[in-house]
Amino acid sequence: MMSNPTPNSSGNGSDFRSIASQHLLPDFQGSVLTDGDFGFDEKRKVWNQMIDKHPDMIVTPTSVDDVVAAVNFARQRDLLMAIRGGGHSVAGLGTTDGGMVLDLCQLNAVWVDPARKTVKVQGGATWYDVDRATQVFGLACAGGVVSETGVGGLTLNGGLSWMRRKVGMSIDNLISADVVLADGRTVRASESENEDLFWAIRGGGGNFGVVTMFEFKLQEIGPEVMFVACAYHRGELAKVYDFWVDFTADLPDELTTDCMQWSIPEHPMFPPLLHNQPICMLAGMYAGPAEEGAKALQPMREVAKPLMDMSSIYPYRDIQQMFDPHLRKHSLRNYWKSIYVNELTPNLRKRLIEEGWAKPSNRTIISIRHMGGAIERVPVDATAFGDRQGQFLISLDSMWTGAENDEANIQWTKDFFNELSRESGGQVYFNFNYDLEGESDLLSDSYGPNYQRLIEVKTKYDHNNFFRLNANIEPISREG
Ligand SMILES: Cc1cc2nc3c(=O)[nH]c(=O)nc-3n(C[C@H](O)[C@H](O)[C@H](O)COP(=O)(O)OP(=O)(O)OC[C@H]3O[C@@H](n4cnc5c(N)ncnc54)[C@H](O)[C@@H]3O)c2cc1C
């Protein structure tokens, strides 16, 4: 009988090195790092500084064959596997204590087909890689608004871009995906191949396998578009909310806007006099001709006298990188929670204003995204995502420095989130949530009528729950 030796999980790096070199490396062309190897500690880091985990091994594949070898190796030895795309999961899903991190960062190639207006993107690419390749042709893919974020995690749980109201979420632009399953098989999922898997990965996260290739539809955009980023004094917040609620009541799909409560970061791009000033900011992009956008977005710049107005016609790629300097990898401790609401009622606005100024850290952003448009026109059962009717997504992005401040920030976020939940059906956006485990109704409330089918598809493709570091959909137990 073939034996599959399992390293002793005592954290002894040399055990892993020797087992890996005997049983994984013959098939594996990428790198394998274990504790004590040069670069291991740097590779342990993910975006959220609060996450400090010690995997047994970090493997970095350079091909689909390598991914298959790593999945087989981990499965045969019952090693917990964390799939890492861009490493931006606030919940720290891209790493694990013990087990294997599958770091896809070397699988970051992007191929554009300008004639068909499509793009193929490897599973470890970031939105920077995608924007760079597609904008050369005046095309863009509906992806994240911070360029270092991974395509993988963002897409599989939805994907909210500055064009979301015009073209829907990233999943709504997905044409196909190549997936390495728990048993090591590689399959394609699309409208015509493994349709159930294709349905499930559009919202069901990393539950079903390792996506080694995404194929997306592209949009004609830019190279220049109108972007508004207008900061008002905190005293104007009530006026800003009143304006924004009216403004968003009837908007063309081209307009995607957010309202944020934040403080101006201490960064040389801002005047020192304004550093740390609490502000409310209206931000938004017009996904169409820049001059049309300038007219359509102008009212957002005239609510009151702005403290700072960075609105302009920008190259699309600059907009995609505008927030990068303030949200660098591993620079802040983070605890986020998000919730969909249908309406920003006067009472909700009052509470947002009060709590916005009571938050323990001035680095925290309360960001509210306007949804609707193309997102809500996709029927709920067309993808696994869940209900799409929520008009606003409120995200409490708590960020701070110093472990001594963890408790105050986490408690504030939990308390305010619990209060907001009472105004909502309980649906969260998994990509903006730290807590994904142990909250019994979180999955059923968020996936709604799709939850049962997700369990069935999970049972079909991953009945042993090998891929479980995610908002985990538990398969039906074979014994049960
Ligand atoms: C600064 C910042 C900005 C953000 N901006 C946006 C935004 O504009 N819009 C938005 O919608 N979200 C945004 N997010 C949230 C983001 O979508 C999630 O954090 C997402 O998990 C990031 O994906 P990743 O690949 O970088 O994460 P990782 O930590 O690498 O992965 C998270 C999980 O995703 C799954 N996964 C990743 N890649 C693959 C793959 N190839 N195959 C299978 N499973 C995979 C795995 O389950 C993995 O554990 C932002 C987050 C941050 C921190």
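Can you tell me which residue within the range 163-182, out of those that are among the charged types (D, E, K, R) and surrounded by fewer than 24 Cβ atoms within 10 Å (Cβ to Cβ), is nearest to the ligand (Cβ to nearest atom)?
This residue is 178.
Looking at this structure, is residue 260 within 16 Å of the ligand (Cβ to nearest atom) and hydrophobic (A, V, I, L, M, F, W, C)?
yes
Regarding residue 76, is this residue away from the ligand (no atom under 12 Å from the Cβ), among the polar types (S, T, N, Q) and not assigned by TED's automatic domain parsing to the domain that holds residue 214?
Yes: the conditions hold for residue 76.
For the range 288-325, how many residues meet the condition of being farther than 15 Å from residue 225 by Cβ and part of a strand (DSSP E or B)?
2
Residues in the range 210-226: is at least one touching a helix residue (DSSP H, G or I) at 6+ places or on another chain (Cβ under 8 Å), within 11 Å of the ligand (Cβ to nearest atom), outside any strand (DSSP E or B) and not assigned by TED's automatic domain parsing to the domain that holds residue 317?
So far as the range 210-226 goes, no, none of its residues is touching a helix residue (DSSP H, G or I) at 6+ places or on another chain (Cβ under 8 Å), within 11 Å of the ligand (Cβ to nearest atom), outside any strand (DSSP E or B) and not assigned by TED's automatic domain parsing to the domain that holds residue 317.
Run residue 147 past the list (1) crowded, with 24+ Cβ neighbours inside 10 Å; (2) polar (S, T, N, Q); (3) under 16 Å from the mean Cα position of the chain (by Cα) and report the number of the one that doesn't hold.
(1)
A quick yes/no check of all residues on (1) at pLDDT below 95; (2) over 20 Å from the mean Cα position of the chain (by Cα); (3) of a type in the set (Ser, Thr, Tyr):
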| residue | (1), (2), (3) |
| --- | --- |
| 380 | no, yes, no |
| 394 | no, no, no |
| 397 | no, no, no |
| 403 | no, yes, no |
| 406 | no, yes, no |
| 424 | yes, yes, yes |
| 435 | yes, no, no |
| 449 | no, yes, no |
| 452 | no, yes, no |
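Here is a yes/no grid of residues against (1) surrounded by fewer than 18 Cβ atoms within 10 Å (Cβ to Cβ); (2) at positive phi; (3) in a strand (DSSP E or B):
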{"site": "352", "(1), (2), (3)": "no, no, no"}
{"site": "360", "(1), (2), (3)": "yes, no, no"}
{"site": "385", "(1), (2), (3)": "no, no, no"}
{"site": "411", "(1), (2), (3)": "yes, no, no"}
{"site": "426", "(1), (2), (3)": "yes, yes, no"}
{"site": "444", "(1), (2), (3)": "yes, no, no"}
{"site": "457", "(1), (2), (3)": "no, no, no"}
{"site": "465", "(1), (2), (3)": "yes, yes, no"}
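The values are calculated or read from the model by the stated rules, or taken from the named source; none is laboratory data. The structure displayed is predicted, hence computed values, not measured ones. Positions of Cβ are generated from backbone atoms using ideal geometry, with glycine treated the same way; all protein chains shown enter the neighbour counts.
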